[in-house]
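Notes follow once the structure below has been shown.
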Amino acid sequence: MSSEILGESNEEYNNLVLNLDELESNALNVREHYIDKLVSQEIDPNIWKNFLEQYEGINLVLKKIVQDANWQLYLNQRNSFNKQIKQVTDDYCIRIMNILCFWEKELLKLNKVDILKLINSKELTTYNYFLQKQLEDKNLSGLNDEALLYDSIMQWENTIINLYDTMIGNYRFSILVDKKEQQLKFHQLIPLLLSDKLEKRKKARQSYFLRYLNDKELLESIYNSRIKQYSLKAKFYNCNSSIELNHKENQIDGDVILLLSNLIDENSDIVSNYYKWKSKQLNLQLSLSNIKEPIYKESIEYPWEYGKQITLESYQDFDFEVGKIVIDIIKDQRIDYRSKDGKISGARCLAYVPDYKPHILMNYGGKLEDVLTLAHEIGHGVHKTLASKQNYLNYSPSLILGEVASLFGEILVFQSMLEQENDVMRKRLLLSKRIESILYIIFNMNVITKFEMNIHDYVNKHGYCEFDKMSSIYLNELNLLYKDSLCIEEYDKYTWLMIPHILKTPFYAYVYSFSNLLALSMYAKYKNDSKVFVDKFKRLLESGCSKTPNYLLTEMGINIYDKDYWQKGFDDLRKYINQLISFN
């Protein structure tokens, strides 16, 4: 990462503030220059072009600084200087974005005819899709009142989420540890929730749910308030339902998501049959507490050098250019993989602007999941590198396509690992872990999506949904998925409380189901005609968000309305399971 801005010295801190002051001043000048020119009696595409270019220029510099600040903080969250840099950068970022957001309110003043004029002008060809999205988002119910309403809706949203975060952040979970009653913070409870000891996992889950149940009435009120706020936000954008707001933001037809949801339900026998088989293999009654019990007890370690090499080879075998990108990421030492005190948990690929190379941060622990996490994050790096041909506003892929390269990369690396493994029992373990990961992401995410749809519909129809009703709706969806393959225990109906996305980013879960099914189905297409597929796949990644997801996938020869296309992903999943069973 760049060391020109960040560092533990007053001089470098002062330089950072000077750079941010200059950016803020530039933003104010841009606002002053264009605020009365964007919307006038005669709409001038050249004025909009010049403004958008300057808007992008400020964002390019600002987001580089933000990326650097985030990188330093993620490496060491305990470092007070890193915290200070992050806070200062965030404060400036908010101020600068607030200064520059005037153009969105100006756009609200234009009628559709004027916006179409901008979209169709030759001067704004580069920004065609970006402006098209603004037209689709446009609400025509009012003018000044509209902007005021939107601000009120967003303040309501921020208040709900901040209240939730504050409340949850102060939770302490009561649990017996070594025969002593302890009050644990959530991050201290996580190792117990993930423990390889069943009793520890059960006690940790019970402790988690009991703490939340103490605030049952308050949580009920918070969730109902959020659902009503989200419904109002959807209406503001002329959406007929709450989930339609997500479809609009993701630039995807709701009929496609409904088709996928129904198809997932039609193939849910995969889940129940798999866990019935696993239960017999282990001679164990499975539940959500022990569902991840391995079918083979040996712990397989994959050293960093192995993980790095097999990931590189897998991407190289896929395509020379893609392999070269991966080589550069590794050679330039843009992966921080070692676990260390203060380092943020999880993994992420930082790539905020097209002219700044992606950097990857993870905590490599030598497990299968770590190898696939590396493959996943490098996939993001490949995607962002190829998309760097786009300008800033067309750079970051839509949420619905943002996971395609990373998930496809996981499949490539997993297939390589499976082919290179000669030990039958290890092959079984590899397959079972991979299968269970896919089952969870596709089928359980669909459970969450249907749960959200049901509780949103219930609140919008009846005005309020009680906590116990929410839990019974979730329990019903669990039973529909697992049928009699699992023993659903007393606290399982509260599992939805463990998913903050439901409150913070409603209907986010279907993106996981869509992306994983898309990657599986793409891999089936790749196996049939690798040469043609690779070229089209790279063009998809190079496109960033310059076109709608449907347009880009159609260019690849993929019809997202075709049920048979999606079924190929499920068929491949069944093949994985049959391969696993054949090892008996």
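The values are calculated or read from the model by the stated rules, or taken from the named source; none is laboratory data. On a predicted model such as this, the values are computed, not experimentally measured, just so you know. Please note: Cβ atoms are built from the backbone with ideal geometry, for glycine as well, and neighbour counts cover all protein chains shown. Note: accessible area is taken over every heavy atom of the protein model, side chains too, but ligands, DNA and RNA are not part of it. Shrake-Rupley method; radii C 1.70, N 1.55, O 1.52, S 1.80 Å.
Quick notes
- Residue 462 being in contact (Cβ under 8 Å) with a residue 60 or more places away in the chain, under 18 Å from residue 220 (Cβ atoms) and not β-branched (Val, Ile, Thr): no
- Hits in the stretch 361-397 - residues which are within 30 Å of residue 54 (Cα to Cα) and polar (S, T, N, Q): 385, 388, 390, 391, 394, 396
- Qualifying residue in the stretch 274-292 (condition: of a type in the set (A, V, I, L, M, F, W, C), touching a helix residue (DSSP H, G or I) at 6+ places or on another chain (Cβ under 6 Å) and within 26 Å of residue 478 (Cα to Cα)): yes
- Test: residue in the stretch 552-561 that is touching a residue at least 40 places away in the same chain (Cβ under 8 Å), open to solvent by 30 Å² or more (accessible area, probe 1.4 Å) and either not in a helix (DSSP H, G or I) or not aliphatic (A, V, I, L, M) (or both): yes
- Options 483, 433, 469; residue that is more than 23 Å from the chain's Cα centre (by Cα) and modelled with pLDDT under 95: 483
- Set side by side, the residues 344, 310, 335 differ, and just one is hydrophobic (A, V, I, L, M, F, W, C) and within 25 Å of residue 389 (Cα to Cα), which is 335.
- Meets criteria (assigned to a loop (DSSP other than H, G, I, E, B), without any contact (Cβ under 8 Å) to a residue 12 or more places away in the chain and hydroxyl-bearing (Ser, Thr, Tyr)) for residue 289: no
- Residue check for residue 512: modelled with pLDDT of 90 or more, at negative phi, hydroxyl-bearing (Ser, Thr, Tyr) and surrounded by 20 or more Cβ atoms within 10 Å (Cβ to Cβ): yes
- Number of positions in the stretch 32-81 that are among the hydrophobic types (A, V, I, L, M, F, W, C) and either out of contact with any Lys or Arg (no Cβ under 7 Å at 6 or more places or on another chain) or open to solvent by 70 Å² or more (accessible area, probe 1.4 Å) (or both): 13
- Among the residues making up the stretch 362-388, those that are open to solvent by 40 Å² or more (accessible area, probe 1.4 Å) and more than 30 Å from residue 81 (Cβ to Cβ) are 367, 369, 385, 388.
- Residue list for the stretch 249-262, restricted to those being open to solvent by 40 Å² or more (accessible area, probe 1.4 Å), closer than 22 Å to residue 230 by Cα and part of a helix (DSSP H, G or I): 249, 255, 258
- In this entry, residue 309 passes the filter for residues that are surrounded by fewer than 17 Cβ atoms within 10 Å (Cβ to Cβ) and in a helix (DSSP H, G or I).
- Top-ranked residue in the stretch 562-584 [being open to solvent by 60 Å² or more (accessible area, probe 1.4 Å) and in contact with a Lys or Arg (Cβ under 9 Å, 6 or more places away or on another chain); ranked as nearest to residue 433 (Cα to Cα)]: 579
- Selection within the stretch 335-361: residues that are open to solvent by less than 40 Å² (accessible area, probe 1.4 Å) and at pLDDT below 95. The member of this set that is farthest from the chain's Cα centre (by Cα) is 342.
- For the criterion of being closer than 24 Å to residue 417 by Cα and surrounded by fewer than 20 Cβ atoms within 10 Å (Cβ to Cβ), residue 315 fails.
- Selection within the stretch 479-537 - touching a residue at least 24 places away in the same chain (Cβ under 8 Å) and acidic (Asp, Glu): 484, 489, 492
- The number of residues in the stretch 26-45 that are in a loop (DSSP other than H, G, I, E, B) and either touching a residue at least 40 places away in the same chain (Cβ under 8 Å) or under 20 Å from residue 355 (Cα atoms) (or both) comes to 4.
- Exactly one residue out of 182, 206 is in contact with a Phe, Trp or Tyr (Cβ under 9 Å, 6 or more places away or on another chain) and more than 30 Å from residue 464 (Cα to Cα): that is 182.
- Just one of the listed residues (179, 203, 185) is touching a residue at least 12 places away in the same chain (Cβ under 8 Å) and open to solvent by 100 Å² or more (accessible area, probe 1.4 Å), and it is 203.
- Looking across the stretch 263-281, the residues that are open to solvent by 30 Å² or more (accessible area, probe 1.4 Å) and either over 17 Å from residue 481 (Cα atoms) or not in a helix (DSSP H, G or I) (or both) come down to 280, 281.
- Every listed requirement among (1) in contact with a Gly (Cβ under 9 Å, 6 or more places away or on another chain); (2) in contact (Cβ under 8 Å) with a residue 40 or more places away in the chain is met by residue 312 save one, (2).
- Just one residue in the set 314, 345, 289, 299 is closer than 17 Å to residue 71 by Cα and hydroxyl-bearing (Ser, Thr, Tyr); that residue is 345.
- Selection within the stretch 282-292 - over 26 Å from the mean Cα position of the chain (by Cα) and either loosely packed, with under 15 Cβ neighbours inside 10 Å or small (Gly, Ala, Ser) (or both): 282, 283, 284, 285, 287
- Residue match in the stretch 389-404 (condition: in a helix (DSSP H, G or I), surrounded by fewer than 22 Cβ atoms within 10 Å (Cβ to Cβ) and without any contact (Cβ under 8 Å) to a residue 60 or more places away in the chain): no
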